[in-house]
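Here's the structure, in C-alpha cells; my notes come after.
The values are calculated or read from the model by the stated rules, or taken from the named source; none is laboratory data. The model shown is predicted, which means the values in this text are computed figures rather than measured ones. Glycine gets a Cβ as well: all are built from the backbone with ideal geometry, and neighbour counts include every protein chain shown.
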Amino acid sequence: MSDTENSKSQRTPLYDKHVEAGGKMVDFAGWEMPINYGSQVTEHKQVREDAGMFDVSHMVVLDFKGTQVKVFLQHLLANDVAKLKDEGKALYSGMLNKNGGVIDDLIVYYMEEGFYRMVVNAATRQNDLKWILEQLEGYDVDLSERTDLSMIAVQGPNARKKVASLLGNIGSKRAHTLKPFFGMQLDESFIARTGYTGEDGFEIMLPNEQAPGLWDGLLSAGVKPIGLGARDTLRLEAGMNLYGTDMDESISPLAAGMSWTIAWEPSDRDFIGRSALEKEKAEGSPMKLVGLVLEDKGVLRGHQKVITDHGDGEITSGSFSPSLGVSVALARIPSEAKDSCHVEIRGKQLKARIVRPPFVRNGKSLI
Amino acid sequence: MSNENPSDLRYTKTHEWLRDNGDGTYAVGITDHAQGLLGDVVYVELPELETELTAEENCGVIESVKAASDMYSPLEGEVTEVNEELDSEPELINSAPFGEGWIFAIKPKNIEDLDELMDADQYEAYYQEEA
C-alpha cells in the first residue's frame, strides 16, 4: 500500500490535461484539482443537457480478496453485500462506527467470487484505511489500494453514447447493454454505470498511463471537462449527500437521509453500528435530512439556521441550482417538521419549502 | 480574459469602481477582476435607495454559485439609484462588469474623497501584487 499522507500536494495523471483545458486548480483533500474551467454554470448545464467528464482519480479504489471477504464486508458495512448476486453489481453503503455514526459513504462492486472492489472518498482515505485495517484483524482477506488506477466519470444524457463510440465493436456492444448500477471489466478497464450527478453515464477506472489518452478521446468525441464546482451543484440537485458536509461520524444514517442504505434483514447480521441504530430507530430519530427550496430571493448556504414549528435545524449543503434557477439545499431539521420553514440569511427570515430530494433527475425538475 | 480597467474610473481595494455620471452622482460596480474571482453571479442584494452610507460600509451582497461576497461603499454618501435589472439578470455583473452590470449610484458627501481612491494603473498594480 502506498503511503502518500505526508506529501504536500498530489497530482492525478490528468493534471496536465486540466491545465491544458484552462482548469483553475485548487487544493481538494491534498490534491490539486480543477474547480472549474471557466464557468461553473455552463459546465453544470453541459452535464444536464449533453455530456461532461470529471477527473475523480483522487478517489480511493480498494480491492478486497480472500475466502472471508463476503462475511467481512457484511460485518463492515450497514448495507448488505449479500444483495450482490450478479458479477459487476454495485451497492451504495455507509461504513459506520459503533455508535452508528457515518465514517464514510462508499460504493462496493461485486467483481467475482471472493473479490469485491470499494471506492471511498479521498478526504477520508487515511481514516477509512485505519478503521478497515483494524476491523480486518482475524479475517482471511487481502486489501490492496489501487493507486495504479485513474478514474474518469462521464455523465450526461449523451455520455454513454459518446463513451461507446471509443470502445470498438465488442466493447461498445457490451457497454450498451450494461444495466444501471452495474460494472464490467473491459481489457484493463472497469466500466460502471454509476455516477454522482443524477444523470446517466459511466465511471471508468483504468491504468494511470491510459488515462490521458482516454481523456483526449473523450474530448474529441465532444465530452467537455467539468470541474469540482459543478460536480457539487449537480450532486446537490440530485439529492446526493456529500461526506463531511451532510453527514460525518457524529451523524447516523437515519438522520442523514440514508435509511434506505441500511439492510435490517437478516436480523442476525451483526454489522458495526447495528445496535446503536436499532436503539435510535426504536426511539425515533429526533432529526431528519430533507430538501429545501427557497421561495424568496437569495441563496441557501451551509450552516444557515432553519426555523420550523418544531424547533431549529441547519442547512448542511446549499447553493443556487443552475438547472432550476432557484436556490436549493439539504438541511437537517426536527423530524416532525413538514411543508414549510424559514431560513435565516443575514438577519432576515426567508421562506422555504420542505421537499423530498432529489430536486433534479435525468435532466427533469422534480420540485 | 483580462478586460482593461477603464482609465476614467476610480477604484477601491475591495474591487469596486466608480464612474462620474456628470450630475453629481457616481455609478458603482465591481471590477472585471472581481467578477472573475466570484464566478457566475446568481443574486445581488442591492442597497436601499436613499440610504446614507459611510466609506467602506457593507452595503450589499453579491452571491455567486460559489459563495456570498460583501460589497462595500467606496465613500461616504447617499444611494440615489439602484440597478434593478440585476434582479432578473444578475449575470450582467459577469458579462458587463464596467457597463450594464453597474450596481448602484451614490452622491458623495465630500467630492474630495474621490482623490483617496486608486486610478486604473494603481488598481492594476494593487491586485497583481495581491495575487
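I'd like the full set of residues that are of a type in the set (Gly, Ala, Ser) and modelled with pLDDT of 95 or more, limited to region A:326-363.
Keep residues of region A:326-363 that are of a type in the set (Gly, Ala, Ser), which gives A:327, A:329, A:331, A:335, A:337, A:340, A:347, A:352, A:363.
Across region A:326-363, the qualifying residues are A:Ser327, A:Ala329, A:Ala331, A:Ser335, A:Ala337, A:Ser340, A:Ala352.
Starting from residues that are within 14 Å of another protein chain (Cβ to nearest Cβ) and in a loop (DSSP other than H, G, I, E, B), keep the ones in region B:43-52 and report whichever is farthest from B:Ile103 (Cα to Cα). Step through it out loud before you land on a result.
In the first step, residues of region B:43-52 are kept if they are within 14 Å of another protein chain (Cβ to nearest Cβ); the result is B:43-48.
Next cut, in a loop (DSSP other than H, G, I, E, B) only: B:46-48.
Working: B:Leu46: 7, B:Pro47: 9, B:Glu48: 11 Å.
Here the residue is B:Glu48.
Looking at region A:280-289, can you tell me whether even one residue there is at pLDDT 95 or above and either surrounded by 22 or more Cβ atoms within 10 Å (Cβ to Cβ) or within 24 Å of B:Gly60 (Cα to Cα) (or both)?
Within region A:280-289, one or more residues are at pLDDT 95 or above and either surrounded by 22 or more Cβ atoms within 10 Å (Cβ to Cβ) or within 24 Å of B:Gly60 (Cα to Cα) (or both).
Inside region A:153-249, counting only helices (runs of 4 or more DSSP H) that do not spill past its ends, which hold 1 or more residues that are within 19 Å of the chain's Cα centre (by Cα)?
Working: elements: A:159-164, A:168-177, A:211-220, A:228-237.
By residue number, A:159-164, A:228-237.
For region A:22-40, give me each residue that is buried (at least 18 other Cβ atoms within 10 Å of the Cβ) and among the β-branched types (Val, Ile, Thr).
Within region A:22-40, A:Ile35 is the sole residue that qualifies.
Right, A:Ser340: in contact with a Lys or Arg (Cβ under 7 Å, 6 or more places away or on another chain), polar (S, T, N, Q) and under 23 Å from A:Val47 (Cα atoms) or not? Give the steps one after another, and end with the answer.
Values: in contact with a Lys or Arg (Cβ under 7 Å, 6 or more places away or on another chain): yes; polar (S, T, N, Q): yes; under 23 Å from A:Val47 (Cα atoms): no.
So A:Ser340 fails the test.
The rows are residues; the columns are (1) buried (at least 16 other Cβ atoms within 10 Å of the Cβ); (2) in contact (Cβ under 8 Å) with a residue 60 or more places away in the chain; (3) on the phi > 0 side of the Ramachandran plot; (4) within 14 Å of chain A (Cβ to nearest Cβ).
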site	(1), (2), (3), (4)
B:Asp40	yes, no, no, yes
B:Val65	yes, no, no, yes
B:Leu75	yes, no, no, no
B:Asn94	yes, no, no, yes
B:Ile103	yes, yes, no, no
B:Asp115	no, no, no, no
B:Asp119	no, yes, no, no
B:Tyr127	yes, yes, no, no
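Considering only residues that are within 17 Å of A:Arg235 (Cβ to Cβ), crowded, with 23+ Cβ neighbours inside 10 Å and more than 13 Å from chain B (Cβ to nearest Cβ), which ones fall in region A:291-314?
Listed by number, the list holds a single entry, A:Leu292.
Of the residues that sit in region A:43-68 and are farther than 22 Å from A:Leu242 by Cα and surrounded by fewer than 22 Cβ atoms within 10 Å (Cβ to Cβ), which one is nearest to the other protein chains (Cβ to nearest Cβ)?
Among those that are farther than 22 Å from A:Leu242 by Cα and surrounded by fewer than 22 Cβ atoms within 10 Å (Cβ to Cβ), it is A:Glu49.
Would you confirm, using the coordinates I've provided, whether A:Gly94 is touching a helix residue (DSSP H, G or I) at 6+ places or on another chain (Cβ under 7 Å) and touching a residue at least 40 places away in the same chain (Cβ under 8 Å)? Before you say what the answer is, go through the steps one by one.
On the way: touching a helix residue (DSSP H, G or I) at 6+ places or on another chain (Cβ under 7 Å): yes; touching a residue at least 40 places away in the same chain (Cβ under 8 Å): yes.
Yes, satisfied.
Restricting to strands (runs of 3 or more DSSP E) lying wholly in region A:250-367: which have 2 or more residues that are among the polar types (S, T, N, Q) and either under 30 Å from A:Leu136 (Cβ atoms) or touching a Leu at 6+ places or on another chain (Cβ under 7 Å) (or both)?
Values: elements: A:287-294, A:305-308, A:311-321, A:326-334, A:340-345, A:348-355.
Per the criteria, A:311-321.
Look through A:Tyr15, A:Tyr37 and report the one residue that is touching a strand residue (DSSP E or B) at 6+ places or on another chain (Cβ under 7 Å), of a type in the set (Ser, Thr, Tyr), closer than 23 Å to B:Leu37 by Cβ and within 14 Å of chain B (Cβ to nearest Cβ). Walk me through how you get there before you give the answer.
Working: A:Tyr15 fails: within 14 Å of chain B (Cβ to nearest Cβ).
Criteria check complete, one pass: A:Tyr37.
Counting only residues that are among the acidic types (Asp, Glu) and buried (at least 20 other Cβ atoms within 10 Å of the Cβ), which one in region A:174-233 is nearest to the other protein chains (Cβ to nearest Cβ)? Give the derivation first.
Step one: filter region A:174-233 for residues among the acidic types (Asp, Glu), giving A:187-188, A:199-200, A:203, A:209, A:216, A:232.
Those left that are additionally buried (at least 20 other Cβ atoms within 10 Å of the Cβ): A:199, A:203, A:232.
Details: A:Glu199: 18, A:Glu203: 24, A:Asp232: 9 Å.
For region A:174-233, the residue satisfying everything is A:Asp232.
Every residue, every condition in (1) aromatic (Phe, Trp, Tyr); (2) closer than 30 Å to A:Asn362 by Cβ; (3) touching a residue at least 12 places away in the same chain (Cβ under 8 Å), yes or no:
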{"residue": "A:Tyr139", "(1), (2), (3)": "yes, no, yes"}
{"residue": "A:Leu143", "(1), (2), (3)": "no, no, yes"}
{"residue": "A:Leu149", "(1), (2), (3)": "no, yes, yes"}
{"residue": "A:Ile152", "(1), (2), (3)": "no, yes, yes"}
{"residue": "A:Arg174", "(1), (2), (3)": "no, yes, yes"}
{"residue": "A:Leu178", "(1), (2), (3)": "no, yes, yes"}
{"residue": "A:Met184", "(1), (2), (3)": "no, yes, yes"}
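Residue check, B:Glu84 against (1) within 14 Å of chain A (Cβ to nearest Cβ); (2) buried (at least 17 other Cβ atoms within 10 Å of the Cβ); (3) modelled with pLDDT of 95 or more, all met but one. Which one?
Of everything listed in (1) within 14 Å of chain A (Cβ to nearest Cβ); (2) buried (at least 17 other Cβ atoms within 10 Å of the Cβ); (3) modelled with pLDDT of 95 or more, B:Glu84 misses just condition (2).
Among the residues that make up region A:91-98, is at least one of them farther than 17 Å from A:Gly183 by Cα, surrounded by 19 or more Cβ atoms within 10 Å (Cβ to Cβ) and either among the acidic types (Asp, Glu) or within 14 Å of chain B (Cβ to nearest Cβ) (or both)? If you could, list the steps in order and put the result at the bottom.
Step one: list which residues in region A:91-98 are farther than 17 Å from A:Gly183 by Cα, which gives A:94-98.
Subset that is surrounded by 19 or more Cβ atoms within 10 Å (Cβ to Cβ): A:94-96.
From the residues that got through so far, the ones that are either among the acidic types (Asp, Glu) or within 14 Å of chain B (Cβ to nearest Cβ) (or both) too are none.
No, the conditions are met nowhere in region A:91-98.
Among A:Met287, A:Met258, which is the only one that is touching a helix residue (DSSP H, G or I) at 6+ places or on another chain (Cβ under 9 Å), hydrophobic (A, V, I, L, M, F, W, C) and either under 30 Å from A:Gln46 (Cβ atoms) or more than 14 Å from every other protein chain (Cβ to nearest Cβ) (or both)? Give the derivation first.
Details: A:Met258 fails: touching a helix residue (DSSP H, G or I) at 6+ places or on another chain (Cβ under 9 Å).
The conditions single out A:Met287.
Would you check which residues across region A:315-336 are surrounded by fewer than 23 Cβ atoms within 10 Å (Cβ to Cβ), small (Gly, Ala, Ser) and at the interface with another protein chain (Cβ under 10 Å from one of its Cβ atoms) and list them?
A:Gly325
Identify all residues within region B:1-38 that are surrounded by fewer than 18 Cβ atoms within 10 Å (Cβ to Cβ), among the charged types (D, E, K, R) and farther than 22 Å from A:Gly38 by Cα; write none if there are none.
Quick first cut of region B:1-38, residues surrounded by fewer than 18 Cβ atoms within 10 Å (Cβ to Cβ) only: B:1-4, B:6-8, B:13-14, B:20-24, B:36-37.
Now drop any that are not among the charged types (D, E, K, R), which leaves B:4, B:8, B:13, B:20, B:23.
Selection gives B:Asp8, B:Lys13, B:Asp20, B:Asp23.
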